[in-house]
Structure formats: C-alpha cells, structure tokens
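The values are calculated or read from the model by the stated rules, or taken from the named source; none is laboratory data. The model shown is predicted, which means the values in this text are computed figures rather than measured ones. With ideal geometry, Cβ positions are generated from the backbone for all residues, glycine too; neighbour counts draw on all protein chains shown. Accessible surface is based on the protein model in full, side chains and every heavy atom, while ligands, DNA and RNA are left aside. Shrake-Rupley method; radii C 1.70, N 1.55, O 1.52, S 1.80 Å.
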Protein chains: 2
Amino acid sequence: MKNYLKPHEWQIIEEGFDPHYNKISESVFSIGNGRMGQRANFEEDYSGETLRGSYVAGVYYPDKTRVGWWKNGYPEYFAKVLNAPNWIGIHVSVDNQRLDLAKCKAENFKRVLDMRTGLLSRTFAATFPDGKKVKIESKRFCSMAHGEIGAIRYSITPLNFSSKVTFSIYTDADVVNEDANFDEKFWEEVYKEASEGRAVVTAQTKKTLFHVTTGIHYVIETGGQRASFDRINVEKREKYAGNVVQMDLKEGKETVIYKYGAILSSENHPKEQLLADCHKVLDEALAKGFDKLLEEHARVWAHKWEECDITIEGDVAAQQGIRFNIFQLTQTYTGEDERLNIGPKGFTGEKYGGSTYWDTEAYCLPFYLGTAEQKVARNLLVYRYKHLQKAIENAQKLGFSNGAALYPMVTMNGEECHNEWEITFEEIHRNGAIAHAICDYIRYTGDEHYLVEYGLEVLIGISRFWAQRINWSSHKNKYVMLGVTGPNEYENNVNNNWYTNTIAIWTLKYTLEAVDYVRKDNAAHLEEIVKKTSFDEGKEISQWKDIIEKMYFPEDPKRGLFLQQDGFLDKELLNVTDLKSEDRPINQKWSWDRILRSCFIKQADVLQGLYFLEEQYTIEQIRENFDFYEPMTVHESSLSPCVHSILSAKLGYKQKAYDFYLRTARLDLDDYNNDTEDGCHITSMAGTWLSVTKGFGGMRVKDGKLYFNPFLPEQWKSYSFRLEFRERVIKVRVTKDGTETLLESGDPMDILLKDEIVHLENGKAVMANRT
Amino acid sequence: MKNYLKPHEWQIIEEGFDPHYNKISESVFSIGNGRMGQRANFEEDYSGETLRGSYVAGVYYPDKTRVGWWKNGYPEYFAKVLNAPNWIGIHVSVDNQRLDLAKCKAENFKRVLDMRTGLLSRTFAATFPDGKKVKIESKRFCSMAHGEIGAIRYSITPLNFSSKVTFSIYTDADVVNEDANFDEKFWEEVYKEASEGRAVVTAQTKKTLFHVTTGIHYVIETGGQRASFDRINVEKREKYAGNVVQMDLKEGKETVIYKYGAILSSENHPKEQLLADCHKVLDEALAKGFDKLLEEHARVWAHKWEECDITIEGDVAAQQGIRFNIFQLTQTYTGEDERLNIGPKGFTGEKYGGSTYWDTEAYCLPFYLGTAEQKVARNLLVYRYKHLQKAIENAQKLGFSNGAALYPMVTMNGEECHNEWEITFEEIHRNGAIAHAICDYIRYTGDEHYLVEYGLEVLIGISRFWAQRINWSSHKNKYVMLGVTGPNEYENNVNNNWYTNTIAIWTLKYTLEAVDYVRKDNAAHLEEIVKKTSFDEGKEISQWKDIIEKMYFPEDPKRGLFLQQDGFLDKELLNVTDLKSEDRPINQKWSWDRILRSCFIKQADVLQGLYFLEEQYTIEQIRENFDFYEPMTVHESSLSPCVHSILSAKLGYKQKAYDFYLRTARLDLDDYNNDTEDGCHITSMAGTWLSVTKGFGGMRVKDGKLYFNPFLPEQWKSYSFRLEFRERVIKVRVTKDGTETLLESGDPMDILLKDEIVHLENGKAVMANRT
C-alpha cells in the first residue's frame, strides 16, 4: 500500500518526482474519452521506468498464443488491446541535451489530474547536466466532446539562460506492446506525410488489418504571438512523421507549443477516407484552438458529473476515491458504441488483453443501469447476444453439442482468448453471470420484453451447457459438477463448487420462467425460438427439472455452511490474520500449489452466490457463511472488497463495510495490490459505486420498486448519490438527520425506505427519519 | 497404429519410400552409442517432411521458459536436449539437379537397421527430373567401440548416364531445435577450418557454453581406387565447413564416399584441446578405415547382445519388438558416465527436453540391474544423491523448509525444468519413486551399505517433504494430502491420490528402517548424517510415526477398492470399450476438461502402487483393483502397458499379458500412439524387458533369492532371458516343456522356482517341469 498522492475532493495530486512511482502514476493519471485513451506519459523523453501507452477502442491484435504445453481446445490466439500510435511526443533539446527527467534534476514537480474537467497537467523545473534550467508546464486532455481529438498545451521557459532550443514534434506508430508474446511488432506503415506544422501517419495492424490514422498539428507561440523559427525541418522515418524546429529562447520568456492530435480508426471511417477525414479533424481542432476545445470538453464532464457524481462529506479520502472510480469508468465506456465493452484496464494499461470478462455483467452492468440511460445497459446485454453463436462454437470445441453455449472467459469478438485450462475450460461460472445479468437488467428496468427479443435464446444456450456439464453420480445419487474453477481462482479443478452449482441451477430455473413468460407474451415468437434453436421443449424442460430437483450442493448442515467445494473442510482452516505480513500478497509470495492447498480465498465465492441470489437465503445463512469465509479471504482480486462491503452493510457490520469500501475505492490510488503500475482496475471500480448505493444505501429493486435501507458510516457527515430508474431520476442523500429522497425528473413514484412506502413527486424532497 | 515395417528377428526393414512415414522412420531407425546419436536422416538433401537431428549426450541448452501465465516457483528455463551439429551431410548434384527424394523419383527404396551389428543402411535408385538415374547405397553407424567416431559409406552409381557430378561434403553447426521456444538459435561459432579432405567446426552453446567440435574427413574411391577429381573447392560459411568436389562419373561405375565424423564435446576434453583431439580422432578413424571400424563396432554389439538379448521363438513380431527395445536402450545409455541419465527420447528426437524423469527409477533401473554390472544401476542412484541439494532448494522455492527435498519432474542438472503447475508442483509422487528405487536396488543387489553411503540422506530429505506436504484434517481426523497429480496425469490437483499417499507412507516407513539399519551398521556415520542434515531424530521420527498411524487412504471397502482419489466414484464410470474409435486417443481428440472429468486413466495409478508394493497386498486386492481400473485405462502413456502386462501375468490373465506385452514392445514400431515421429519412447522400452522377465518370467527377489514363476504365452514356442545377479549370470529359458535355468557364471546359488528351491551350479542347466 502506498500513500504518496495528496487527498483532494476533485483532484489527484502528485507532488515531487519519484521515479519509483512513475509507472503507478502513469496508470492513475490516465486520461481517455471512451474512444481512445492513454497513460499519463510525459510528452518529452523519459529514459527511466515507463510504460508508454496509447490505446484506441476496438483496435486489437490476435497475438499468437504462448503456452508451455498445448491443450486441445485452447484458442489459437490471445486478443490484445493494442498499444496504439503515440501522438503526444515532443522531444526537447537544449544544446544537444535532451530534456529527460531520468537525466535532468527535477524540482517542484507536480502532476495533477483534475477530475471535474478531465484535464491532466504537470509542472516542474528541470536542470540539465550543464546547469541550464527550464520550467515546463503541460496540460493535456482527450476530448469528451470530440472523440477523435486530443490536445496539449506544452510550455517551456528558460530560467537561467538564453539559447537555441530544438523541438521535435511528431506522431509515431513504431510502438510495441510490452506484453507481446513473441516480441513482435504489431503495426505496419500504410502511409505517412509531413509538412511544416503538420504530420500524419496511417498504420495498419497485422492480421486484423485495422487502420489507425494519427495526425498532429502544432502551433508555437511566444508571448502570445506566433513564434519565429530559426530552422524547421520535416522529418519522416518508418512509421514516424514530424517536424524539427529550432528557435531562440530567451531567459524568463515562455514559449508555448499547442499540439493537436487527431486519432481516427477504420472502425469509424472507410479506410480510403481516413487521411482526408484526419485533415478535417485537425483543421477543426486548429480552428477551435486549445482553450475552446478544453471548454467544450469540460462542459461534457460537468454534465457527466451531474448524472453520476457521488458526494461524501467529511471524508476527503473516501470522496476522492469514489470520484476517481466514477471518473475512470466514465472515460472508459460511454455506452455509445455497442461494439465496445469495458476492458479490465480500460485505457490505462495492456495487462490481461481482451476487452470483456464476466466483470462486465457482474459489476459494471448495475453501474450503468443506475447512472445512464437504459440503452447503455441493454447494449451490454445485446453485445453477448451477438456473440451467442461464437459461444456455441466455443462449447463445441470442448465437446458440447446441441446448441450448448459457453461464453468465453476473455474475448474481443466472441471468441475465447484465454489459455489456461483451469480458467478457459473450467471457470465456467462466467456463464451464470451472463444469465444472471439478464435477470438483473429486467428487475431494474422492468423491460421483460428483452426476454422475447434476445434473452431467452441466450438462456437456452447457457442452460443447455449446464445440463451437459453435470453428470449423474451413482455414488451420491445426485447430479454433480466435476472439474470446475469457481470465482475464487485460488482453487482449481475442484468438484461441486457450491457457487457454480448454485448459479447453474438458478439459470435452469430462470430459463424455465423465461420460457413461460415468452409463451404468455408472444407464443408465436416462442415457436420461432424453438425452431431456431431446435429446442425440444418437452424433453429438455423435463431434463432441466430433474436436474433442479436432484442437484447436489456441498454443505455442512451442522454449522449452516455452504461448502466452497467438496473437501473444503479437509484444509487447514486458518484466518488471514494468521498470515505473516511477509507472506502477503500470497499470489506474489507463495508457489501455486501452496495457494491451492491453503484455505485462503482470492475473492468472494460462496459469498458471490449469496450476494447475487440473496433473496434465496435467510439473513442467518448469509451471516454464518460470511463469518466463516470472510476471515479467510485475502481479497487479492480487485473484484473482492466491494462484494464484501455490500454484504457487511447488509449484515450491519458497519466498520467492515466502511473498511472494504475504502479498499475498493482507493485500490489504485493506494496501489493496494502492488500492481497499479500495469494499469488501473477499471471494472472493479463499478464495485465501488455499488458499495455506496447497494452497500451503504441498501439499494435494491423489490417487486419493481426501488428500495433503500441506508446507513451512514460514522466517519462521514453525509453522502449522496443519484439513480436513473425507469425514466426517472432520483437523488438520495443520507445525513446524520436521516435520508432525503428527491425525484429530480419523471412521473411520481413510490419507493420503499426500509419497509415504508414513500411517495415521491417531481422536485419535492422527502426527508425520512434518522437511520 | 501403422504396419509398414517388415517383421524380422534382427532387423527393422522399410521397403519403398512413403514420405508420410519418413519422420516415423527417422525416429525408429535412429542410431547412437551412449555418447551421441542421431535420427535416421538422409545424408543427401531432403526437402520433404523431416526432423534433422543429431544429439550429443550431456549437451543441453536452458531455453527460456514459455508459459501463458507465470506462477511463482516456476523454473526460469527449460533444459533442452540440443540438436547438435550435423556431420552426416553430403549434397549430391548432377547437372545442377540436387539429389532429393522429395524431388526425384525413388525406386527400390529400402532402409534397414541391423540391430545385431548396429548398422543403418539404405539403398535406392533415384531418377532426376531430367531422367538421369542413379543408384545409392549408404551405410552408417555411431561406433560403440569409439564413442566419438561415426562413419558413413555412401555409394553412388550412375545407371543411365555419364556426367559431371558434384559432391558437397560438410559439417554444419547451423542447426536449430524444432522445439525452440522463441525460434532462437542455440549455437554460436567458435572456430572453423577446412582443407582438402577435411573440415572442422567448433560451436558453442549460448548460456551453457558447451563446446562441441565436429570434424569430418572423407575419401572418395572409384573401383576401389582413390578417385581423381575435376575440381575441389574448400567451402566455409558461418558455422559450416566442407569441400565441394566435382568429378566425372561413368555409367554403371560405382563411386564410394567414405566419410568419417569425429564428435567431441567439452564435457570430455578441455576446450583448448578440442581441435587437436578432433584431428587425432579423425586420423585414427582414417587409419582404421570403414570396414575395420565397423568390425570393432559390431564386436561390441555382439558382446552386448550376449549380455542382454531376449529370444522369443515362434513369434517374429514379438522377437523383433523386444530386440528393438533392448537395442535402443543399449545405444542410449551405457552406464559408463555417471553424469548422464536416460532421456525419454534418447537420441531419437527433441520432445520433452531434459534427460531425467521418474521413468529412470521406476522403469529403467530394474533393466540395468538385470542386464549390466551393479555399478551401472548404482550410478543411476548416485546421480540423484548428487542432486539432493538442488532438490532441497527446489522444495524451498515452493515454501518447504528444514531440508525437505522435492526432486524435479524433469531435469538436466538437478534443477527443475518443467513448467505446468499441475505437474511441476503437484506430481510429487516422483519423490516416492526415487525413494523406492533405493529399496529396489538394495533388494536386488543386497548392497545395504548403500544406505550408509548415500541412501539415508536422500530418504530423510524425501520423508521430510512428505511430512510437510500432508496436513491434518480435523474433519476426517486423519492426515490428508491435498492438491496432487498422480501418475495418471488425466487427473490434476486431486485430493488424496491413493498412490501418492501410499508411496509417501511407504517412504516414511522405509526411512525409519533405514535409520535403524544405519544405526546398527555404523552408529558413527549416523551421527554424521544427523549432524549434516540437522536431523532431529526424536521429534522427526515420532512425527513420522504419527503420520504413518493416522494417514487417510480413500477406499471403497465394500468393493475392496482403493480409490484413485477423493471423489473418484462421483465420475461417470465407463469402460474404454464405451469410447468411439474417433474419440481416441482422447488426448488428441478431447478438450482437457473433458479428459479430467472422465474416469479414463492415462497410465497405471492405483495399479502402479500395487505393482511397486505388491508385498503389502493380497492377490485378491490386486485382482479387485485391476479388474476395476484396467478397463478404464487408455494407456496413452508409453509407461502404461508394461505395468499392466506384469500385473496381468501375476493374476494369470495370460492373453492380456501377451497383448500388453506386444503393445509395449511394438509401441514405436507400430506407432501405436501416433507420436513416434517425435522420437522413440526410450524409457518405456525398459518396461518391455520387465514385461518378459517380471511378467512372463515372474521374476522377483524374495529374501535375497531370485524367484521365478514363469509361464509361456501360447503364441510362443519358447523365450529366454539372462540376468546379472549378485556377481552371477543366470540364463532362464522357458519352453513348452518347462523352465530351464542355467548358472552361466559365478558361485553356486539357490533360486526359487515357484515355491521350490532349485540349486544351481556353474554350467549345469536345470530343467523344471512344464509350467
């Protein structure tokens, strides 16, 4: 856990330059706009530890799979988020000395991410080896108003000299992925051009043949006037184009480079139009100029914050944490493009590859349900519907048949990318999360018709998978599910993972309900689906009912425990408090077999089931299991603390709920798991939002009504959040005095506050008693 | 299963050239001499499917590990048997057409491996695209008499033309490993020279810095006289040296190239001496000439066959099979160099890397015990003793302490090379095989003193590992062993693998016996060991006794079954006969999860324990378990059929014993598992020998006496084998009339034939009644 960032309600602030933190800061201070994004790399050179990374949404590369020992059914490739052309770079040289904070002395270094306006800025003074000293101020953003525009204001002031200075201002597609499996370069040059002030490079990805055109245009001003140059050279190299400008800088006088980037991809433009369109975008950016672009960008952010801000009074660290999470989620996925999804690192790093995990359904979906128009969440479901055929093919590769669907663990286009057998083939509970998300969406929105249009087909595919994946145990006289990996990936290839068995049976039941609903709603459409999916209603339904009736679940009835898997009680049952600090995190300190044999739990597993399906269990059951499993949980997945925070809140464990909240909210800011340098944990950030709304706020949907059961952590004066719900906007504010609910827009409605019905009318705040 | 090789008692014969079989034949017809060896590649070019491979014993490369997802404790590298410089090559060109059987038409192709003399020969006629036709005869061997010499007689006769022909005769170190993880080249040139008739290249391996010097010298004769050349050019390229010779060939007249290779490594020569020593070896080879070298080579083979031949009358396929196995084993490992071990592919391919698996202890050791001087088997044990410190370090990497030793799954120098967590960290029964081999060796040789010198230290290290690897289950009130992979690698990360639990407890018991023995034999030495190993006798011994007493074994007492692991009975229990033929082999047809969930067994697991420790079990127990597990066994490991053959013989399942014997004996000749093209299954070949001696012959050692319980498969007229046993040589011949035993050398002795004592005196054959 690190603690070098300054607390602030709206900003992330780093003061002083410590190279050891640079890669962490590059992740944390990342900026993006849903269409592109980048790590907070320096514009000028930096020869120290850095991961230079820019990313363009939807542009990926199918890197050749690297495994030690191939297994049948492994995917041929691993789709990677691609490190995209770098449009931010500015080399600065003074008397043949490159400005490079690994080689110059830095003073008064300050890096600030202003979350309210989405602006990254940086100031410092640098002393070159020969003693010359310059002051640098840079500001940068990826425009939320114009998805293809980025802008930089880069200012340099000589502090103790006057001399010739050279700027090399460029765009560079000669970039590599740090995690390329075979050190391959993934980009090939298609075209480049450079003239005075402007340069464009079009590069193409190998195999996938995406084109990305990156244009730059720059303007240099001194004292508010166009600067005059000594010399200007056009520079072109393989995949690289730019200008080299030499000019005289005077002591104490500021020179400002305005650099505009236009980043266009063939996902959004015909390839043959890319160059012309790039010039248009550059012309537009240039015409508006930096200040106007920033103003438009900040206006979009202001609107976003109105929609989804959560305020916390009396606890700056908590406030900063939640805003950071909302900020990152918002700039990662806007919901406007249904081809996109939410990558685990967003635009902040390369690790994990792929873009879509079960994180989307289990964690992100409720965030977008609560903070965006209904269609955003619906698009996330339709994304999976469109991948159904691939999921069926994926299951076929593993030996399943008759339309059984296994959704991939990791994917870009519906095909599986992951290649560890214990995950790829066995972590099949992901299928359950995808089914459950349909239910979650319908419960929140009331849009049951989704079942007719898309939902049922997906549910049938998934249910068929479960029905084939279990087998009859003559020994137990029950159905069992062998050889799975649950959400707790610190157990592999176990039998009868309680969570997987539970979500599987839940899926079968929900599919039966869905069949009934569609039959009632639109019998003709059901016939179509039956035909399309060759659904043998009679036979399959009776098979599913038999499985529902005779499924085995590992339990310890004496203690009221659901057992994580068969044999769990044979382990040495320790608590996390028994671990020495030098053994943590265990995934960095212990061999894999030791982790597997131990009782320690990476993330909610049995508890994930109790969280998803709480209506099936009594509060006592939830408590018994929470009290048993939580002390064994090391929370080494970013997806873990939020579920525990919500369950703690439900159980009235207020301090625990608060502690887990802080851990999820500040996971990256405090580098809790010692891995933020690889990128931020974007998907789990949705869990932070859930910790506040479903945790502290106790928000649920019961019988179509919004329900709250709020409490106020004692460290806080108040908190508030805002929900979009069935064409209404509700604001909830919880203070020491009680809970204030306000219908900001939409028709009058009833909500449940604990067990009381509260009637809301537009614009009228309702105060309920102290909780 | 293929059937293209001709049956013959002493030869392997391929008639007609089928490119589809070429890589299989390259493996099967491999030749070697314990110090080097090579696949049966053509001397001339071949642009079709081929794996050109020459190998030098002990010369390896630590290839960078390739994994998808790194786990703590994985080794940094994977030691590979290295494809070594090619000394056999001869390019042949007629009028600018290269002789290449992928481009020329082949007739009367015949490849023969004469096992009696260790000679590989090949004859064919080839027609070039322009119609010119030549006859080629080649003979080649790696001298068993001179470990660093190889020789080739390559004859060419123009059949329908007279013309200029060019020979390019070379040595080439620019070779690659087919299985290089990152397509890297492992050899660098150190030195090369070439003059008329001779060329030498010294190459060095990266990282390991082995030097291998490969010299060649050739003589060309026409009509028995030195041929005259048109032109001769010295040729040198990167890592390559040779001569290009142009000469006139006359229709119908034979020209013969005698090519001698000298292959020297820095394992056996100071680096600075390699060049001079290479010239000496070449001079010696040249002075002797091909015929004399072959005669000396054949003489060694004749002697070897006297020592270890097994004859089978009345079944050519069976006879060819056993001789092929003995031939390959003998040319792979001679036991002369204690630094070496028996690689799973010997000198016949690259796959698997490393040189030492538990195969050595479990399968090969008894072969060398029975067919070679005692010191050969002892060297194999001492090899592990020398790796004890590395085994302790290996265990430390996984979190064990206090001198616990985990021997690697695969190794070259004592360090682990394997990198699949389910094998590397979990297939720990290998440790048991290494302990058991000590017992096996002592039982056979009576050399109990080995415990004092080496054995006990190894046993203490292994026992400590077991004591730390188990844990107490409060649930079962027993010790359990979680998270292991048994010999049946079609189960991963299971709990309480019966075999592993059994061999672990056996080790603890045997270690206690060994401590007692050493105490009695040499109390002072025990004190030394106690000190050296910090052995806390009182505490550790009482802990071990507690574990022995309270260990849990999964069983089904009703059916008298030992259960392969916890939960085994929850599987769908099918027989191999229930599988469709298109599903086999399942490891090539099924996804890994499907294999894991199924009941199908790769190789003996419970049965491996019953085989190793048969004295602990009744014949009824063995029968119950064999009858249960054998029908589920797919034998997709080459190590499987032999154990089943021996157990079948023991149980009186004669036809099964014979069937399994044929499958193990002809595994590579018939390409049973469809993988012989990668190389032959060398270590399992020892199992074939065991199938005859311990299976059909019923050979055991009981109370220090050789014991036999022979039967004759009804397909055979007779079989015979020969054993070295405690400074005696005994020949056993089993016919329809009975069993003839003969003490060929050594002091008089008693043996047990079934339950009768038979007294043997030197040179007097004893006939016992019909079995």
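Scanning the stretch A:590-599 for residues that are in contact with a Phe, Trp or Tyr (Cβ under 7 Å, 6 or more places away or on another chain) and either more than 8 Å from chain B (Cβ to nearest Cβ) or not hydroxyl-bearing (S, T, Y) (or both) yields A:W592, A:D593, A:I595, A:L596.
Scanning the stretch B:548-589 for residues that are part of a loop (DSSP other than H, G, I, E, B), within 11 Å of another protein chain (Cβ to nearest Cβ) and open to solvent by less than 20 Å² (accessible area, probe 1.4 Å) turns up B:P554, B:L563, B:Q565, B:K571.
Within the bounds of the stretch B:520-543, is there any residue that is closer than 30 Å to B:L607 by Cα, within 14 Å of chain A (Cβ to nearest Cβ) and either touching a helix residue (DSSP H, G or I) at 6+ places or on another chain (Cβ under 9 Å) or without any contact (Cβ under 8 Å) to a residue 40 or more places away in the chain (or both)? Looking through the stretch B:520-543, none of the residues is closer than 30 Å to B:L607 by Cα, within 14 Å of chain A (Cβ to nearest Cβ) and either touching a helix residue (DSSP H, G or I) at 6+ places or on another chain (Cβ under 9 Å) or without any contact (Cβ under 8 Å) to a residue 40 or more places away in the chain (or both). Going through (1) touching a Gly at 6+ places or on another chain (Cβ under 8 Å); (2) among the aliphatic types (A, V, I, L, M); (3) at pLDDT below 95 one by one, B:A657 falls short only on (3).
Pick out the one residue from A:E630, A:E724 that is closer than 30 Å to A:Y55 by Cβ, at pLDDT 95 or above and either of a type in the set (D, E, K, R) or not in a helix (DSSP H, G or I) (or both). Lay out the reasoning, then the answer.
On the way: A:E630 fails: closer than 30 Å to A:Y55 by Cβ.
So the residue among A:E630, A:E724 that is closer than 30 Å to A:Y55 by Cβ, at pLDDT 95 or above and either of a type in the set (D, E, K, R) or not in a helix (DSSP H, G or I) (or both) is A:E724.
Of all the residues in the stretch B:257-267, those that are hydrophobic (A, V, I, L, M, F, W, C) and either more than 20 Å from B:E284 (Cα to Cα) or outside any strand (DSSP E or B) (or both) number 0.
For B:K351, the conditions (1) open to solvent by 10 Å² or more (accessible area, probe 1.4 Å); (2) within 25 Å of B:S645 (Cα to Cα) are fulfilled apart from (2). Can you pull out every residue in the stretch B:482-492 that is surrounded by fewer than 24 Cβ atoms within 10 Å (Cβ to Cβ) and either at the interface with another protein chain (Cβ under 9 Å from one of its Cβ atoms) or over 26 Å from the mean Cα position of the chain (by Cα) (or both)? Result: B:L482, single match. The C-beta contact set for the stretch B:458-483 (first residue closer than 19 Å to B:T511 by Cα, second residue in a helix (DSSP H, G or I) and of a type in the set (G, A, S), distance under 6 angstrom, 6+ apart or interchain) comprises B:L459/B:A435; B:L459/B:A514; B:I462/B:A435; B:F465/B:A395; B:W466/B:A504.
For A:N625, the conditions (1) open to solvent by less than 60 Å² (accessible area, probe 1.4 Å); (2) under 14 Å from A:Y490 (Cβ atoms); (3) among the polar types (S, T, N, Q) are fulfilled apart from (2). Restricting attention to the stretch A:78-95, the residues that are of a type in the set (F, W, Y) and within 14 Å of chain B (Cβ to nearest Cβ) total 1. Scanning the stretch A:493-519 for residues that are over 18 Å from A:D546 (Cα atoms) and within 10 Å of chain B (Cβ to nearest Cβ) yields A:N493, A:V494, A:N495.
When A:A106, A:A125, A:A40 are checked against the criterion of being of a type in the set (A, V, I, L, M), in a loop (DSSP other than H, G, I, E, B) and away from chain B (no Cβ under 14 Å), A:A40 stands alone in meeting it. Tell me, please, whether a residue that is touching a Gly at 6+ places or on another chain (Cβ under 9 Å), at pLDDT 95 or above and in a loop (DSSP other than H, G, I, E, B) can be found in the stretch B:431-441. Among the residues of the stretch B:431-441, not one is touching a Gly at 6+ places or on another chain (Cβ under 9 Å), at pLDDT 95 or above and in a loop (DSSP other than H, G, I, E, B), which makes the answer no. Among strands (runs of 3 or more DSSP E) entirely within the stretch A:172-248, having at least 2 residues that are acidic (D, E) singles out A:187-195.
Scanning for something within 18 Å of A:G58 (Cα to Cα) and either modelled with pLDDT of 95 or more or crowded, with 23+ Cβ neighbours inside 10 Å (or both), does the stretch A:291-303 turn up at least one residue? Taking every residue of the stretch A:291-303 in turn, none turns out to be within 18 Å of A:G58 (Cα to Cα) and either modelled with pLDDT of 95 or more or crowded, with 23+ Cβ neighbours inside 10 Å (or both).
The rows are residues; the columns are (1) in contact with a strand residue (DSSP E or B) (Cβ under 6 Å, 6 or more places away or on another chain); (2) at pLDDT 90 or above; (3) of a type in the set (V, I, T); (4) outside any loop (DSSP other than H, G, I, E, B).
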position	(1), (2), (3), (4)
A:I326	no, yes, yes, yes
A:T330	no, yes, yes, yes
A:G335	no, no, no, no
A:K345	no, yes, no, no
A:G353	yes, no, no, no
A:L365	no, yes, no, yes
A:Y368	no, yes, no, yes
A:N379	no, yes, no, yes
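Taken as a whole, the structure leaves A:Q543 outside the set of residues that are modelled with pLDDT under 95, in a helix (DSSP H, G or I), of a type outside the set (F, W, Y) and open to solvent by 70 Å² or more (accessible area, probe 1.4 Å). Could you please let me know if B:E453 is more than 26 Å from B:K602 (Cα to Cα) and more than 9 Å from chain A (Cβ to nearest Cβ)? Yes.
Yes or no, residue by residue, for (1) without any contact (Cβ under 8 Å) to a residue 40 or more places away in the chain; (2) in contact with a helix residue (DSSP H, G or I) (Cβ under 7 Å, 6 or more places away or on another chain); (3) open to solvent by less than 20 Å² (accessible area, probe 1.4 Å); (4) not polar (S, T, N, Q):
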{"position": "B:V28", "(1), (2), (3), (4)": "no, yes, yes, yes"}
{"position": "B:N33", "(1), (2), (3), (4)": "no, yes, yes, no"}
{"position": "B:M36", "(1), (2), (3), (4)": "no, no, yes, yes"}
{"position": "B:R39", "(1), (2), (3), (4)": "no, yes, yes, yes"}
{"position": "B:D63", "(1), (2), (3), (4)": "no, no, yes, yes"}
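Looking only at the stretch B:378-415, residues that are under 19 Å from B:D359 (Cα atoms) and within 11 Å of another protein chain (Cβ to nearest Cβ) come to 1 in all. Taking the condition open to solvent by 40 Å² or more (accessible area, probe 1.4 Å), touching a helix residue (DSSP H, G or I) at 6+ places or on another chain (Cβ under 8 Å) and assigned to a helix (DSSP H, G or I), does A:E307 pass? Yes, satisfied. Restricting attention to the stretch B:108-163, the residues that are farther than 17 Å from B:T222 by Cα, of a type in the set (F, W, Y) and either surrounded by fewer than 21 Cβ atoms within 10 Å (Cβ to Cβ) or over 22 Å from the mean Cα position of the chain (by Cα) (or both) total 3. Here's a check for you: in the stretch A:459-474, which residue that is of a type outside the set (S, T, N, Q) and touching a strand residue (DSSP E or B) at 6+ places or on another chain (Cβ under 9 Å) is least open to solvent (accessible area, probe 1.4 Å)? If we take residues in the stretch A:459-474 being of a type outside the set (S, T, N, Q) and touching a strand residue (DSSP E or B) at 6+ places or on another chain (Cβ under 9 Å), then A:R469 is least open to solvent (accessible area, probe 1.4 Å). For the residues A:E420, A:E426, the requirement of being within 14 Å of another protein chain (Cβ to nearest Cβ), of a type outside the set (F, W, Y) and closer than 26 Å to A:D546 by Cβ singles out A:E426.
Matching residues to (1) under 16 Å from the mean Cα position of the chain (by Cα); (2) under 29 Å from B:Y368 (Cα atoms); (3) not charged (D, E, K, R):
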| residue | (1), (2), (3) |
| --- | --- |
| B:P19 | no, no, yes |
| B:I24 | no, yes, yes |
| B:V28 | yes, yes, yes |
| B:G32 | yes, yes, yes |
| B:R39 | yes, yes, no |
| B:E43 | no, no, no |
| B:R52 | no, no, no |
| B:Y55 | yes, yes, yes |
